[in-house]
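Have a look at the structure below, then the notes.
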Amino acid sequence: GTRLSKAIRCDNEDPSIKGYWGAIPMLDKVNLWNKYKIGSPASNELKGKTVVCVGGGFTSMDVVRCSIREGAKKVIMLYRRDEKTIIRNTTYEEYHEAVEEGVEFIFHSAVERIVDENNKLKKLIVNRFELVPDPDGGRPQLVKIEGADFEIECDFLIPAVSQAADLQLLPEEWDVKLTSWNTLLTNGRDYMTSRPGLFAAGDCEYGTM
């Protein structure tokens, strides 16, 4: 599968900052406790806190809705595109159910910088963007609105922009060929990789869908 949370690519992004919590580890904690009573409740960390999730797909929807259910005081999803796109990426029902549960969506926005104090997350500096039509009829471009930056004080930042395949278990000497997405390249017939006898399928072949 693809279980490594990708970075959101902002200034001062450091996974060691307290409050920076990858989407997959966060959801693992929620599921392992609620399904199998392994670990401890995510509510221990999230109850009464302000959570900001960056993303616009099913994983980010899982993050924000689970955060609400684990007792977070305020939950915000930042998304670079618009409401129509997030509905297309997920479903109409899921988006509106999240709104009804109390998730706040801020569209056309992206984190510029993480601000920490003694390696603890304090706030986010966020840019606002506008969609500018392409004169040639292509996809509208996101253009930063100068002077429209704003800050969000929060306890947790959870990146859910996408996931990557964790291929560290493969010995380097195997020299397995990868795709341009850093997933395992197969022959397109029987899922064989470039190493005879090693097969791949699912997210580690095609990436996130």
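The values are calculated or read from the model by the stated rules, or taken from the named source; none is laboratory data. Since the structure is predicted, the reported quantities are computational estimates derived from the model, not experimental observations. So basically every Cβ, Gly included, is an ideal-geometry build from the backbone, and we count neighbours across all protein chains shown. Note: accessible area is taken over every heavy atom of the protein model, side chains too, but ligands, DNA and RNA are not part of it. Shrake-Rupley method; radii C 1.70, N 1.55, O 1.52, S 1.80 Å.
Longest span of the chain, sites excluded, free of GluC sites (Glu not before Pro) in DSSP loop with at most 15 other C-beta atoms within 10 Å? Result, exposed sites excluded: 14-145.
In plain terms, the bigger the Kirkwood radius, the slower the diffusion; for segment 47-139, with that radius from Cα pairs, at 25 °C and 0.890 mPa s, Stokes-Einstein puts D at 171 µm²/s. Taking a quarter of the surface of the Cα convex hull of the chain gives a mean projected area of 15.3 nm². Note on segment 4-68: percent of Cα-Cα distances in each 5 Å bin, starting at 0 and stopping at the bin with the largest distance, equals 3, 15, 28, 26, 19, 7, 2, 0. Largest first, the extents of the alpha carbon coordinates of segment 128-209 on the three principal axes equal 56, 42, 21 Å. Loop exposure criterion: chymotrypsin sites (Phe, Trp or Tyr not before Pro), DSSP state outside H, G, I, E and B, at most 15 other Cβ atoms within 10 Å. Applied to the chain, the longest stretch between such sites is 1-180.
Once the 1.4 Å probe is applied to the protein heavy atoms, the chain comes out at 59 Å² accessible per residue. Each 5 Å bin from zero up to the one holding the largest Cα-Cα distance in segment 80-190 carries the following percent of pairs: 2, 8, 12, 13, 14, 15, 13, 12, 8, 4, 0. Among the listed pairs Lys6/Lys29; Lys6/Lys74; Lys29/Lys84, those whose Cα-Cα separation exceeds 21 Å are Lys6/Lys74; Lys29/Lys84.
Once the chain from Arg69 to Tyr36 is taken as fully extended at 0.36 nm per residue, the excess over their C-alpha distance is 10.1 nm. The calculated 222 nm mean residue ellipticity attributable to helices in the chain amounts to -6500 deg cm²/dmol, summing -39500 (n - 2.57) over DSSP H runs of n ≥ 4 and dividing by all residues. Counted residue by residue at 0.36 nm each, then reduced by the alpha carbon distance between them, the extension gain from Ala7 to Gln141 reaches 46.1 nm.
Share of carbon and sulfur in the accessible area of the chain stands at 48%, probe radius 1.4 Å. Applying the criteria of a DSSP loop state and at most 13 other Cβ atoms within 10 Å to the trypsin sites (Lys or Arg not before Pro) of segment 73-128 yields no site.
Listed by chain and number, the aspartates and glutamates whose alpha-carbon sits under 20 Å from that of Lys73, ignoring those within fewer than 8 places in the same chain, are Glu45, Asp62, Glu97, Glu100, Glu101, Glu104, Glu151, Glu153, Asp155. Here the spin labels are modelled as points 7 Å beyond Cα on the Cα-Cβ line, and at Asn118 and Tyr92 they lie 5.1 nm apart.
Here segment 38-181 is assigned +1 on the Cβ of each Lys and Arg and -1 on the Cβ of each Asp and Glu. Its dipole about the Cα centre then comes out at about 280 debye. Count Lys and Arg as plus one, Asp and Glu as minus one, and take only other residues whose Cβ is under 15 Å from that of Val75; the net charge is then -4. Net charge in the neighbourhood of Val143 (other residues with Cβ under 11 Å of its Cβ; Lys, Arg +1, Asp, Glu -1) is 0.
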